Amino acid sequence: MFYRFLCLIVFVVFSISCAKDENTSRVNQANSETIYNWRMVTTWPKNFPGLGIAPETLATRVAKMSNGRLNIKVYGAGEIVPAMEVFEAVSQGTVQIGHGAAYYWKGKVPIAQFFTAIPFGLTAQEMNGWLLHGGGMELWTELYDRFDLIPIPGGNTGVQMAGWFNKEINSISDIQGMKMRIPGLGGEVFTRAGGETVQTPGGEIFTSLQTGVIDAAEWVGPYNDLAFGLHQVAKYYYYPGWQEPGPALEVIVNKKAYESLPDDLQEILRVGALSANLDMLAEYTARNNAALVELVETHGVEVRRLPEDVIAVFKKLSLEVTEEIIDDDPLSIRIHESFKEYYQGVVDFHEISEKAYINSR
Ligand code: CA
């Protein structure tokens, strides 16, 4: 009797589990036949070198890896929504996915700037360390969940240049009254140092410098700045890019759209974004110097280092403005704590590794 009862139990449990497997596999099969056509909005001009290539890389690779099941059509800034409305468009579900940088949303989420760049903060390599293995991604995901968004790192330019200037900088007093296009916390630092900060979209930098609306502008580095022709409208090219030492760009995915994807496509999307993240840094690393040589040798650009006293003032002010974006929100405090702890550790280790090696070669 007991044996028959046991057999019955085994039979029932087995049948249920088979039915469940069958259901799951039917769902998976349905999902594996579904074609997803997504639209991606970006904060860059379509196909712009470096920045605008990352979303294309992502789209091409995802289409190939998914065998055409996830197709992402990339739109440049202004084609569906203006650059500064990318966050909102993906958050609201107007489109499924976007590419940009977290610090563009500082008006809405000041603390998000930690996930792009903090002046005198992390290099590209260090940033990837914090995001992918230092707790950064978990915090970023928690923060963006409030906006129904899922963030994935989507590119990095490496250390930028301090920018293009039509006036010489020989001491901190030269910053007084200078009008510069410089976004994010760097812009706030520049204002406190006595300058005037102007927010100019990338596409308008050239004209603003040409017409004298601004005296200076930072964009990215030689590879991108040459493509914009900024050497035609400014004399001096200053370094180092204290304001953006290793800015991480972002892929943002609407949460509902992401969750509608089967597991394999979610992973393909994630891997596609991470491959674009790696690829962009490699592209800048490989192309920056050739562009710099062309700027100097063909176009006669004067490359200069910012004076030490200017760097010292910027550094002091950077600490100040960074502390100020941390509010009472416990998540904001946790993001800051995580960043600070990681920063101290990586800076200490890089004293005897990256920095020591670069100084010794
Ligand atoms: Ca920049």
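The values are calculated or read from the model by the stated rules, or taken from the named source; none is laboratory data. Small disclaimer: the values here were computed from a predicted structure and weren't measured. Please note: Cβ atoms are built from the backbone with ideal geometry, for glycine as well, and neighbour counts cover all protein chains shown.
Identify, from the list T200, T207, the residue that is of a type in the set (S, T, Y), under 27 Å from R287 (Cα atoms) and modelled with pLDDT under 95.
T200
Could you identify the single residue in N166, N224, N128 that is closer than 17 Å to L249 by Cα and more than 15 Å from the ligand (Cβ to nearest atom)?
Step by step, each of N166, N224, N128 is checked, and only N128 is closer than 17 Å to L249 by Cα and more than 15 Å from the ligand (Cβ to nearest atom).
Given the conditions (1) modelled with pLDDT of 95 or more; (2) outside any helix (DSSP H, G or I), report the number of the one that F314 does not fulfil.
Going through the list (1) modelled with pLDDT of 95 or more; (2) outside any helix (DSSP H, G or I), F314 breaks only (2).
Only one of (1) without any contact (Cβ under 8 Å) to a residue 60 or more places away in the chain; (2) surrounded by 17 or more Cβ atoms within 10 Å (Cβ to Cβ); (3) of a type outside the set (S, T, N, Q); (4) part of a helix (DSSP H, G or I) fails for E204. Which number is that?
Here E204 clears every test but (2).
If you check Y343 against the conditions, is it in contact (Cβ under 8 Å) with a residue 60 or more places away in the chain, in a helix (DSSP H, G or I), out of contact with any Pro (no Cβ under 8 Å at 6 or more places or on another chain) and of a type in the set (F, W, Y)?
The answer is yes for Y343.
Taking the criterion of being away from the ligand (no atom under 16 Å from the Cβ), assigned to a strand (DSSP E or B) and touching a Ser or Thr at 6+ places or on another chain (Cβ under 9 Å), would at least one residue in the stretch 233-250 satisfy it?
Within the stretch 233-250 (the criterion being away from the ligand (no atom under 16 Å from the Cβ), assigned to a strand (DSSP E or B) and touching a Ser or Thr at 6+ places or on another chain (Cβ under 9 Å)), the answer is no, since none of the residues qualifies.
Among the residues of the stretch 227-247, is there at least one that is β-branched (V, I, T) and surrounded by 16 or more Cβ atoms within 10 Å (Cβ to Cβ)?
yes
Quick one: which of L185, L209 is within 15 Å of the ligand (Cβ to nearest atom), in a helix (DSSP H, G or I) and either more than 24 Å from the chain's Cα centre (by Cα) or surrounded by fewer than 24 Cβ atoms within 10 Å (Cβ to Cβ) (or both)?
L209
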